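What follows is a short report on a single structure.
FYI, it's all coordinate maths here, none of it is from the lab. The model shown is predicted, which means the values in this text are computed figures rather than measured ones. As a convention, Cβ positions derive from the backbone with ideal geometry for all residues, glycine included, and neighbour counts pool all protein chains shown.
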Amino acid sequence: MKRKKILGRLAGGCLVAAVCVACSPGAGLEGEWVQPVPGMVGSEQGFSLQAGGKAESIGIATLQYESWAREGDRLILKGKSIGNHQTLDFSDTLSVEKLTADSLVLKRGALSMSYGRRR
């Protein structure tokens, strides 16, 4: 009888932990994600996803990321696009195709983008 109570509490604790991880906004996505800049050896571009939904651009002067959110398998990045004499708000929704400790693959339509976690 005592064993059933312990197992029940353990299973309940595991369920609560799983729900907390699943509901946490962007679990596993926080950090700096970069990729090489095409045609510019040694240069990187990407973004920093920070606690509380704050985002920043890395090596991209024309896109200023400001915030991020994760909704299921989607990553939503918001910010400002800076062009010739104008600044526009944008929201970019990307599918999270793969997420490991050191790699992230995002997809928008047919375009697939691979990033590595900056250490």
Test: residue in the range 43-54 that is of a type in the set (Lys, Arg), crowded, with 16+ Cβ neighbours inside 10 Å, over 21 Å from Ser112 (Cβ atoms) and in contact (Cβ under 8 Å) with a residue 12 or more places away in the chain
no
Does any residue of the range 80-97 turn out to be outside any strand (DSSP E or B) and in contact with a strand residue (DSSP E or B) (Cβ under 9 Å, 6 or more places away or on another chain)?
no
Enumerate the pairs (first residue in the range 99-110 and closer than 17 Å to Gly72 by Cα and in contact (Cβ under 8 Å) with a residue 60 or more places away in the chain; second residue anywhere and part of a loop (DSSP other than H, G, I, E, B) and not β-branched (Val, Ile, Thr)) with beta-carbon separation below 8 Å, excluding pairs fewer than 6 apart on the same chain, so at least 6 apart or on different chains.
Leu99/Gly28; Leu99/Leu29; Leu104/Leu29
Residue pairs, Cβ under 8 Å, 6 or more apart or interchain, first in the range 65-93 and exposed (fewer than 11 other Cβ atoms within 10 Å of the Cβ), second among the hydrophobic types (A, V, I, L, M, F, W, C). List them.
Ser91/Ile76; Ser91/Leu77
